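A.B. asks: Below you'll find the structure I mean.
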Amino acid sequence: MWNFKTVTEAFETMYDKILEKGVDVQGTKAIYNQMFTILDTTECVVKTPWRKFNIDYAQQEWEWYLSGDRDASIMAQTANIWYNHMDERGYVNSNYGYQWMRNDQLKYVIKKLAKDKYTRQAVVSIYDAKEHKEYSKDTPCTLSIQFYFTPDSDKLNMTVMMRSNDLVYGFCNDTYCFIKLLNMVCKSLDCKPGQYIHFAQNLHVYERHFNMKTKNYIQKL
């Protein structure tokens, strides 16, 4: 398993790894079953110059998650890709705040950890194949988010499991929000954030992003 100090280091290293060792599949280069740790969870911004990370958009997405509102109409005005995932009501399943608010999952997690520091049940479930009929337009990329303490530290760790993860857009925007989520839970528990472990069964870069490092690539997200 790789250890990275920052989310920026993780992005840059995995980008190079995918371009070098990734296999060609469905318009991407992909590597499989990748797991790595981000040690500094006080920093959530990818600072790679050629990535041109849009902090304003990422913050808008985070605030949308906090609302728990599945209506993606306003988000789509900023990022057109959301139009492809909206149903006839304008709803999507990938508002992760909606998901962690369902059945009070996040509140349950916080209560579990407050009662039993070493509980193995502090898990938020996102993707659920039992509701596959709801996934005709939008299938969540995240499987689950687990929070836990270990005996050697008083800091709260988090493991995110992804079924599929686009490194350029998905990873950068997701880690921005997930690290903020970790810090939000820590605030509720009055503790400090620990490590962030990221696992992606399929980690990929789309063909249109293969030359990002070598040309003046224009992007909005």
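The values are calculated or read from the model by the stated rules, or taken from the named source; none is laboratory data. Quick caveat: nothing in here was measured; it's all calculated off a predicted structure. With ideal geometry, Cβ positions are generated from the backbone for all residues, glycine too; neighbour counts draw on all protein chains shown. Surface areas here come from the heavy atoms of the whole protein model, side chains and all, with no ligands, DNA or RNA. Shrake-Rupley method; radii C 1.70, N 1.55, O 1.52, S 1.80 Å.
A.B. asks: If packing is taken as the mean number of other Cβ atoms within 10 Å per residue, what is the order of 5-12, 131-138, 149-156, highest first?
C.D. replies: Details: 5-12: 19.8, 131-138: 11.5, 149-156: 13.4.
The peptides rank, most packed first, as 5-12, 149-156, 131-138.
A.B. asks: Now for a different question. Dipole size in debye (nearest 20) for the range 26-133 around its Cα centre, Lys and Arg Cβ +1, Asp and Glu Cβ -1?
C.D. replies: Approximately 480 debye in magnitude.
A.B. asks: For the range 43-104, with every protein chain kept in place, what is the accessible area per residue (1.4 Å probe, Å²)?
C.D. replies: Result: 51 Å² per residue.
A.B. asks: Once the Cα atoms of the range 146-217 are picked out, what are the Rg and Dmax in Å?
C.D. replies: Considering the range 146-217 through its Cα atoms, Rg and Dmax are 15.4, 47 Å.
A.B. asks: Another question about this same structure. Please report the relative contact order for the chain, taking Cα pairs under 8 Å with a sequence separation of at least 6, and give it as a percent rounded to a whole number.
C.D. replies: 28
A.B. asks: Would you mind telling me the antiparallel percentage of the DSSP bridges in the range 133-221, rounded to 5?
C.D. replies: 45
A.B. asks: Starting from a Cα-only point model with no solvent, please compute log10 I(q)/I(0) by Debye for the range 100-221 at q = 0.12 1/Å.
C.D. replies: -0.53
A.B. asks: Continuing with the same structure: Which Cα, out of SER136, PHE199, TYR96, lies furthest along the positive dipole direction of the chain (beta carbon charges, K/R +1, D/E -1)?
C.D. replies: PHE199
A.B. asks: Relative contact order for the range 72-133: what is it in percent, counting Cα pairs under 8 Å that are at least 6 residues apart?
C.D. replies: 23
A.B. asks: Could you order peptides 193-206, 84-97 by the average number of other Cβ atoms within 10 Å of their residues, highest first?
C.D. replies: In decreasing order of mean packing, 193-206, 84-97 become 193-206, 84-97.
A.B. asks: Could you please tell me the mean projected area of the C-alpha convex hull for the range 26-110, averaged over all directions and given in square nanometres to one decimal? Please report the intermediate quantities before stating the final value.
C.D. replies: Numbers: hull surface 34.1 nm².
Its average projected convex-hull area is 8.5 nm².
A.B. asks: Separate question: Assign unit charges at the C-beta atoms only (+1 for Lys and Arg, -1 for Asp and Glu), then state the dipole size of the chain relative to its Cα centre in Debye, rounded to the nearest 20.
C.D. replies: Taking the Cα centre of the chain as origin, the dipole is about 260 debye.
A.B. asks: In whole Å, what are the Cα extents of the range 108-158 along the three principal axes, biggest one first?
C.D. replies: Projected onto the principal axes, the Cα atoms of the range 108-158 cover 43, 17, 12 Å.
A.B. asks: Then there's this: Looking only at the chain, where both bridge partners belong to it, what percent of the DSSP beta bridges are antiparallel (to the nearest 5)?
C.D. replies: Close to 70 percent.
A.B. asks: Diagonalise the Cα gyration tensor of the range 14-69 and give the resulting equivalent ellipsoid semi-axes, square root of 5 times each eigenvalue, largest first, whole Å.
C.D. replies: Largest first, the range 14-69 gives 27, 16, 14 Å.
A.B. asks: Shifting gears a bit: Just the number, please: carbon plus sulfur as a percent of the accessible area of the range 142-221, 1.4 Å probe, no ligands or DNA/RNA counted.
C.D. replies: Summing carbon and sulfur atoms, their accessible area is 48 percent of the total for the range 142-221.
A.B. asks: Then there's this: Ranked from highest to lowest mean number of other Cβ atoms within 10 Å per residue, what is the order of the peptides 161-168, 16-23, 72-79?
C.D. replies: Values: 161-168: 21.2, 16-23: 14.2, 72-79: 16.8.
Packing proxy ranking, top to bottom: 161-168, 72-79, 16-23.
A.B. asks: Could you check how much of the accessible area of the range 1-62 is carbon and sulfur, as a whole percent, using a 1.4 Å probe? All intermediate terms of the calculation are to be shown ahead of the outcome.
C.D. replies: Working: 1560 of 3120 Å².
Here it works out to 50 percent.
A.B. asks: Tell me which of VAL7, TYR32, TYR118 sits at the most positive position along the dipole axis of the range 1-123, charges placed on C-beta atoms (Lys, Arg +1; Asp, Glu -1).
C.D. replies: Highest projection toward the positive end goes to TYR118.
A.B. asks: Quick one: work out Rg over Rh on the C-alpha atoms of the chain, Rh as Kirkwood radius.
C.D. replies: Here the Rg-to-Rh quotient is 0.95.
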